[in-house]
Structures are given as structure tokens and as C-alpha cells.
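A.B. asks: Quick one: the structure is below, and I'll ask about it shortly.
The values are calculated or read from the model by the stated rules, or taken from the named source; none is laboratory data. Note that this is a predicted model, so its numbers are computed, not measured. Here Cβ is always computed from backbone atoms with ideal geometry, including for glycine, and neighbour counts include all displayed protein chains. Keep in mind that these areas ignore ligands, DNA and RNA; they rest on the heavy atoms of the full protein, side chains included. Shrake-Rupley method; radii C 1.70, N 1.55, O 1.52, S 1.80 Å.
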Amino acid sequence: MSNGATTENLVIPQDYRFGPGEENALELDCGKKLYDVNIRYETYGKLAPARDNAVLIAHALTGDAHVSGKHSADDRKPGWWDNMVGPGKYIDTDKYFVICSNVIGGCSGSTGPRSVNPATGKLYNLDFPVITIADMVRAQKRLIDHLQITRLLAVVGGSMGGMQALEWSKSYPEMAQGIVAIATTYQLAPQSIAFNWVGSQAIRSDSDFSNGNYAVNPERGLATARMLAHITYLSDESMEQKFGRNLQDADRYSFAFKRDFAVESYLEHQGQRFVERFDANSYLYITRATDYFDLADGGTLAEALKVAKSDFLVVSFSSDWLFTTNQSEALVKALLANNLNCSFCEIESSYGHDAFLLEVDRLGALIRDFLANQRKKFQ
């Protein structure tokens, strides 16, 4: 099994659809079911004859299945973790068969709120059922079964991807030899829920939102939500280094309520780029899934992780105030309380939460060595 690359070594997205039929329905935590579900995914490298080299990468909040490479020779940018994943890179596709899928609820090929509801023939929009991180993992498990992989060498994820990786250790404890949880948390903190709520209100308050039945993306609300979220991905130090109080295209204040500062211009640019590639309804559903994420499920984390059997690599970043080192340390403490093999590293970085995408060499070396050790132990 390979990634189906062309002679130019381009990556070809693939689809796995399960259903229709009651027996194929995906049961969700909200009590509802999804029928005729599509999963968009990409694979890289080759599955070994012993089927012992499969690595599942779970993407972050607004990511997708395109983790590495290019879809066409004209693509301006490669996949979102191309500096980490590929031949000879830290997650080496000459050694590992790498899989990445777009989560359900997404807007990059997998079934989500802008998909057609098979029961009505119309777009789901806000009729789409509310999903959880565990629901996303259930859909991924269907894909892994379809690929005839009975055990993963590792599940790797940063941010929301790390939540999915942790959920794999709880929902399917026999399925993953190793779990790599990067810049993530075992439950969303009240402050993070608050940021998500303000973002969702910005979207829902946009006059173009039309209760989710919009013909064109409600750009103002979605851009505002993205700008708010993007602030949480940076650190005070990185913003000071990058922008300071520099003015944008001027040498004095405008004394008006328009863009004056470089940081304001930067956020506007990020918001505009985002609305060109992401859907407002999907943003509502996926952020709600992170809100509901609680690996402890109302109990103690140590008790919840009693079922886990994987080896763990947990990585945090010193300036990440969205998912702090304290949260990672609480996770590590619960893992060690269950006598699980766990390595932990806090990487010193000024990049904030985005460090998991930017600190490639230091993070990559940790992942490379962890995967190599898991390969030796794999049975």
C-alpha cells in the first residue's frame, strides 16, 4: 500500500465512505447517528509487509489531511507539517506509513455541516449533530480498520490533534503502541472555553450567518473569530519581537478608528486568509468538540487512564499559555500513577502555542527517537 503518488511524487487525496445502512452508521456521543460518512485522508510511504510501521497523525483545530507534500506542481505551499513529515525527515516516510485524515465536522472533504444530509438531500448546516473528540476518533478507527491495520505504531498530534491522540489511548487502548501528545491538554480549561464562546458569538452575530443557512461564508464574524483565536496561539514575547508597537504604513497615529498598528494589520491578514479556506459552521462544531473534551469525564484523570496501555511522549512549550506546561505535567502525573511508560519534555520557546509547528528540529528529534524506540518494541 502506497500513497498513490504520481511520477512527480505528488500526493493524491483519498476518500473512504462507510454506509449507508443502519449497520454502518456512526454512533455519536450526543445520541444521534451519522449515515453515509466520508473520510478524506492522505497516506505517505509504504505499509510494511508485517503492517507494523503505521503512524496516524491527527491534525489541529483548523487543519486537514494534507500534512505533507503537494497536490500539484503549482501548489505554492506544501502540507501543514511538511518540514516534519516526508522522506528522510523526522517522521520518515521511507520508514513509516503515515496516515492523516480530515476530522468529521471538518470542511476539507470529510462529512461535516456543509455536507449533504442523505435524509433530506439538503446541506446539514446546523442540523448536523454536535460531535466530540471521541466521535472524531471513532471515525478514524473506521478508516484504520478499512486500511486493514490492526495496530498502530503511534498516534501523533499537536493541540486538538493531541486531544485525539490521548482519546485513542482511552477509547482503543490496544490499538496504539505509542502516543505522542504535543502542546495539548486532557481537558479544555475555562479560559479556552471562554475564547471559543466569544468566537462562536462573533460568527453567529454576523448578519450573513442566517442561522447557519448562508450561501456565502459570513466573513466578518469568521474573520473576527480567527483573529481572536490567533492571539491565543502567540506569546507576548513573540508579539513584542515581531510587532512591538510599530505602526503600519505610517509614521504617526491616524487619530481614527482604523488600522494603525502592525499587529492589527497582521491579524486582519490572518482573518482574511482564514475565511478563504475554512467554513463558519465547521468552526462552530469543531471548537464545540474541544469545549466538551474531558479525558477524565468528570472523575479523576488517573482513574480514567487506568485502561491505557500505550507508551507516551508528552511535549509542552514554555511560552504556551493556551495549553500550559502545568496541564501537561498533570497528564504525566496521571500516566505515571498508572505505571505507564512516559517521557516528558518542556521545550523552551518564545513562539507560544504555535511552537508545535515552528520548533521543528527540537520537537522533531524527540519524535524521531520515540518512534524508533517504539519500532524496536512493536509486537
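A.B. asks: Residue by residue through the range 97-110, note down the ones that are open to solvent by less than 10 Å² (accessible area, probe 1.4 Å) and out of contact with any helix residue (DSSP H, G or I) (no Cβ under 7 Å at 6 or more places or on another chain).
C.D. replies: The first filter runs over the range 97-110 and keeps only residues open to solvent by less than 10 Å² (accessible area, probe 1.4 Å), leaving 97-106, 110.
Correct list: Phe97, Val98, Ile99, Cys100, Asn102, Ser110.
For every residue, the table says whether it meets (1) open to solvent by 70 Å² or more (accessible area, probe 1.4 Å); (2) over 13 Å from Met136 (Cα atoms).
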residue	(1), (2)
Asn9	yes, yes
Pro13	no, yes
Gly19	no, yes
Glu22	yes, yes
Leu34	no, no
Asp52	no, yes
Thr62	no, yes
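A.B. asks: Looking for something modelled with pLDDT of 95 or more, among the charged types (D, E, K, R) and more than 21 Å from Ile57 (Cα to Cα) - is there at least one such residue anywhere in the range 348-355?
C.D. replies: So the first thing to find is which residues in the range 348-355 are modelled with pLDDT of 95 or more, and the list is 348-355.
Checking which are among the charged types (D, E, K, R) leaves us with 348, 354.
Now drop any that are not more than 21 Å from Ile57 (Cα to Cα), which leaves 348.
Within the range 348-355, one or more residues are modelled with pLDDT of 95 or more, among the charged types (D, E, K, R) and more than 21 Å from Ile57 (Cα to Cα).
A.B. asks: Can you name the condition, by its number, that Ile39 falls short on among (1) under 27 Å from Leu322 (Cα atoms); (2) crowded, with 23+ Cβ neighbours inside 10 Å; (3) in contact with a helix residue (DSSP H, G or I) (Cβ under 8 Å, 6 or more places away or on another chain)?
C.D. replies: With (1) under 27 Å from Leu322 (Cα atoms); (2) crowded, with 23+ Cβ neighbours inside 10 Å; (3) in contact with a helix residue (DSSP H, G or I) (Cβ under 8 Å, 6 or more places away or on another chain) applied to Ile39, the lone miss is (1).
Conditions tested, residue by residue: (1) at pLDDT below 95; (2) out of contact with any strand residue (DSSP E or B) (no Cβ under 9 Å at 6 or more places or on another chain).
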| site | (1), (2) |
| --- | --- |
| Gly178 | no, no |
| Ala181 | no, no |
| Trp197 | no, yes |
| Arg204 | no, yes |
| Asp208 | no, yes |
| Ala215 | yes, yes |
| Thr224 | no, yes |
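Each row is one residue, and each column tells you yes or no for (1) outside any strand (DSSP E or B); (2) closer than 26 Å to Leu152 by Cα; (3) hydroxyl-bearing (Ser, Thr, Tyr); (4) open to solvent by 50 Å² or more (accessible area, probe 1.4 Å).
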position	(1), (2), (3), (4)
Ala289	yes, yes, no, no
Asp297	yes, yes, no, yes
Ala304	yes, yes, no, no
Val315	no, yes, no, no
Trp321	yes, no, no, yes
Ala334	yes, yes, no, no
Glu346	no, yes, no, yes
Ser350	yes, no, yes, no
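A.B. asks: Identify the single condition in (1) within 30 Å of Leu123 (Cα to Cα); (2) open to solvent by 50 Å² or more (accessible area, probe 1.4 Å); (3) touching a Ser or Thr at 6+ places or on another chain (Cβ under 9 Å) that Tyr283 does not satisfy, given that it satisfies every other one.
C.D. replies: Checking Tyr283 against (1) within 30 Å of Leu123 (Cα to Cα); (2) open to solvent by 50 Å² or more (accessible area, probe 1.4 Å); (3) touching a Ser or Thr at 6+ places or on another chain (Cβ under 9 Å), the one that fails is (2).
A.B. asks: Is it the case that the range 147-159 has a residue that's in a helix (DSSP H, G or I) and surrounded by fewer than 24 Cβ atoms within 10 Å (Cβ to Cβ)?
C.D. replies: The initial filter retains those residues of the range 147-159 that are in a helix (DSSP H, G or I), namely none.
No, because not a single residue in the range 147-159 is in a helix (DSSP H, G or I) and surrounded by fewer than 24 Cβ atoms within 10 Å (Cβ to Cβ).
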